Structures are given as structure tokens and as C-alpha cells.
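Down below is the structure, laid out as C-alpha cells.
The values are calculated or read from the model by the stated rules, or taken from the named source; none is laboratory data. No experiment lies behind these values; they were computed from the predicted model shown. Because the Cβ atoms are built from the backbone with ideal geometry, glycine has one as well, and the counts that use them run over all protein chains shown. Note: areas computed on protein heavy atoms with side chains; ligands, DNA, RNA excluded. Shrake-Rupley method; radii C 1.70, N 1.55, O 1.52, S 1.80 Å.
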Amino acid sequence: MDLLDRLLQHDAWTTRHLLDVCATLNDAQLDQEFDIGHRTLRATLHHIIHNMEVWTSLMMQEEIQRQSNLTIPGMTQRLTVAEERLANLARKVARDEAWDKLWTDQLDDPPRDKAYGTSIAHIITHSMHHRAQVLYMLRVSGVKPLPEGDVFSWEAQWKSDLVKSNHTPSGDS
């Protein structure tokens, strides 16, 4: 598995893990206001997924479909779709060695050219930043246990899942 797949899979896995934790909370807890991020768990998780959806659509030069399902199951489903679309796009960029190729961000005023590689890196690091805010909100709320969310935890789970499915990890993806 290459570095790109590791980063993409860890990114989606960790966000999904936080959605699973939040699935144990009630609406009042999901909508409790904090002085960080997008102010609530629900809004911050939506922002993470929305960012993946919008940036992927922009890079693919597709019309942006505004998603409004803010339930935890709905956001989990949105994440599943968004992670696959982003991974497919990122792998195509990698195959084509198009990291520095430019696309036009039509949401900028005026529209501005951006590199695919920088945009993909932005999505992944942006998610990490906001997941840290979600972890803070959960910690302040007294939610336990909380996931570490690090790449080593993801890899251990990934390898465990492979063993359970009778596959063995290899250096290839």
C-alpha cells in the first residue's frame, strides 16, 4: 500500500470512528455549543464531510450537490460516498502524475487555478484539524473511551481486518 492510500484510508477511517462515537450521543449532546470549530459536534462533522464532497466535485468539474442529511447515519453514508469519490480521483491523479496539474476553483471570486496535489493534501489535513476539535468537544463532554485516531491505530485495525478476512497484508495495494 502506498502513502496516498494510507493517508486516504486513515482519514476516512478516523472520521468514521468519530461518527461511531457520536452515534451513541443524543441530539442535545450533538448540538451542544462549544467555543471551538464549528461550535457543535454535528456541525463540525458535517463540515469535514462537506469539505470532502465539495472539493472533490470542484476538482472533477461537477456540479456541487449540497447535502443536507445531518443525522449520524446520514453523515456516515455521505462519508462512504465522499471517501470513495476522493480516493478514485486521487488515485487517478497519482497514476497520471498530475499532482501539479491545475484545475480552476469556480467558487473563488474570481475563479483561481489550484494544483490537484495541494488540493488533495488540503482535504486530508483539513479533516485532521477538525477531527482534533471533535475529540476536544467529546473529551470536554466526558465521553469515554475516545479513539486515538492516529495512523498506527488505523494500520493495526486494517491488518486485523485483513487477517479476519483471510488476507495477508503485502507491500502492494
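Using the heavy atoms of the protein chains alone and a 1.4 angstrom probe, what is the accessible area of segment 3-154 per residue in square angstrom?
With all protein chains present, segment 3-154 gives 54 Å² per residue.
Which length gain, in nm to one decimal place, applies between residue 97 and residue 28 when the Cα-Cα distance is subtracted from 0.36 nm times their residue separation?
Between residue 97 and residue 28, full extension yields 20.2 nm more.
Mean-square fluctuation check for the chain, GNM, Cα pairs under 10 Å: which of 105, 161, 31 is largest?
161
Scan [x] -0.28, -1.03, -1.29; [y] -0.46, -1.00, -1.12; [z] -0.34, -1.11, -1.29 for the value of log10 I(q)/I(0) by the Debye sum over Cα atoms at q = 0.09, 0.17, 0.19 Å⁻¹ calculated from this model and give just the label.
[z]
Which longest uninterrupted range of the chain lacks any trypsin sites (Lys or Arg not before Pro) assigned by DSSP to a loop state (not H, G, I, E or B) and surrounded by at most 13 other Cβ atoms within 10 Å? List each step's numbers first, then the result.
Working: sites that count: 66, 101.
Result, exposed sites excluded: 102-173.
Efficiency by 1/(1 + (r/R0)^6): what FRET value for residue 81 and residue 129, r their Cβ-Cβ distance, R0 = 22 Å, to the nearest 0.05? Numbers along the way, then the final one.
Values: r = 22 Å, r/R0 = 1.00.
Efficiency computed from Cβ-Cβ geometry: 0.50.
Report relative contact order for the chain in percent, whole number only (criteria: Cα-Cα under 8 Å, sequence separation at least 6).
31 percent
Of the residues 111, 147, 73, which exhibits the maximal mean-square fluctuation in a Gaussian network model of the chain defined by a 10 Å Cα contact cut-off?
Greatest mean-square fluctuation among the candidates belongs to 111.
What does a probe at residue 113 reach in segment 78-101, counting residues whose amide N is under 11 Å from the point 7 Å along Cα→Cβ?
101
Classify segment 88-144 as rounded, prolate or oblate from the Cα gyration tensor: take a ≥ b ≥ c as the square roots of its eigenvalues, call it rounded if a/c is under 1.5, otherwise prolate when a/b beats b/c and oblate if not. Could you put the intermediate results ahead of the total?
Details: a/c = 4.74, a/b = 2.03, b/c = 2.33.
Oblate shape, in that a/c is at least 1.5 and b/c is the bigger or equal ratio.
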